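**Student:** My questions all concern the structure below.
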Amino acid sequence: MNFITILIKMFFLYTPFFALSMFLAMTDHAEEKERIALAAKTTLSVLLISLVLLFFGNQIFRVFGITVDAFRIGAGSLLFLSAVSLIQGKKTKDVNPDDDFTVVPLAIPTIVGPATIGAIMVMGSEFTTFDAKLMGSLAVGAATISVGLILVVSSYIERAIKKRGIIIISKLTGLILAALAAQMIFTGIKSFLFS
């Protein structure tokens, strides 16, 4: 996989437009400066979580005795369920505005959900050289910053495309995630059967 491929894949795995709708709901009464600060904190949380999963996924596999192919199938199944949930339309949960929601529930599990965690761990297991790990880290970083920028300009996006537009884009994201999930499952089954 090259840099652009990983960046695009990670961008959609983060379900940015669902994250946007959640962020808007949670910061409904926040001022613009506060929204920017919250977006920055969420972005940093997502980046740290993703890099830990990317670099230490192999060790987690070894500890639990899980093969990459088994994890591909499991993560692909979870990702497919997430995609279906996005297409059907998730409802945001009620959140106390005084609570710090940037890590939980916004970074985890809204942006980095179970399926995304699985996909990042599988991807990390495929990076065997320093160059590959560096490229993967940069691509994950770029995807995370892209999502962060969407959150920073969330109020402008909401004014431009309205809530209905965000819902439509979320559903399209769900379709792309469903295709990614199917590919992960097929790759896992193929590798398991023919290895």
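FYI, it's all coordinate maths here, none of it is from the lab. Keep in mind that this is a model prediction, so the values were computed, not measured. No Cβ is skipped: glycine too gets one built from the backbone with ideal geometry, and neighbour counts run over all protein chains shown.
**Student:** How are the Cα pair distances of the chain distributed, in percent, across 5 Å bins from 0?
**Tutor:** Spelled out bin by bin, the chain gives 1, 8, 16, 20, 20, 15, 10, 6, 3, 1, 0, 0 percent.
**Student:** What does the charge dipole of the chain about its Cα centre add up to, to the nearest 20 debye, if the Cβ of each Lys and Arg holds +1 and the Cβ of each Asp and Glu holds -1? Before the final figure, lay out each step's value.
**Tutor:** On the way: 16 positive and 12 negative charges, 110 e Å.
Dipole size: approximately 520 debye.
**Student:** How large is the Kirkwood hydrodynamic radius of region 129-171, in angstrom, based on all distinct alpha carbon pairs?
**Tutor:** About 12.2 Å for region 129-171.
**Student:** Now for a separate question. GNM on the chain, C-alpha springs below 10 Å: top fluctuator among Lys33, Lys133, Lys41?
**Tutor:** In the Gaussian network model the winner is Lys33.
**Student:** Exceeding 32 Å between C-alpha atoms, which entries from my cross-link table qualify? They are Lys9/Lys41; Lys33/Lys133; Lys9/Lys190; Lys9/Lys163.
**Tutor:** Going by Cα-Cα distance, Lys33/Lys133 fall outside the 32 Å limit.
**Student:** What FRET efficiency would be calculated for the residue pair Tyr156, Val84, taking the C-beta separation as r and a Förster radius of 22 Å, to the nearest 0.05? Please list the in-between numbers first.
**Tutor:** Values: r = 30 Å, r/R0 = 1.37.
So the FRET efficiency works out to roughly 0.15.
**Student:** Moving to a separate point now. Find which of Phe64, Met10, Val152 sits farthest along the positive direction of the dipole of region 3-194, computed with +1 on the beta-carbon of Lys and Arg, -1 on that of Asp and Glu, about the Cα centre.
**Tutor:** Met10
**Student:** Moving on to the next point. At 18 Å minimum axial length over the Cα atoms and a Kyte-Doolittle cut of -0.5, report the qualifying DSSP H helices in the chain, or say none. Kindly include the intermediate steps, with their values, before the conclusion.
**Tutor:** Numbers: long enough: 32-64 (45 Å, 1.06); 68-88 (29 Å, 1.38); 114-126 (19 Å, 1.02); 130-152 (32 Å, 1.64); 154-194 (52 Å, 0.98).
TM-like helix candidates: 32-64, 68-88, 114-126, 130-152, 154-194.
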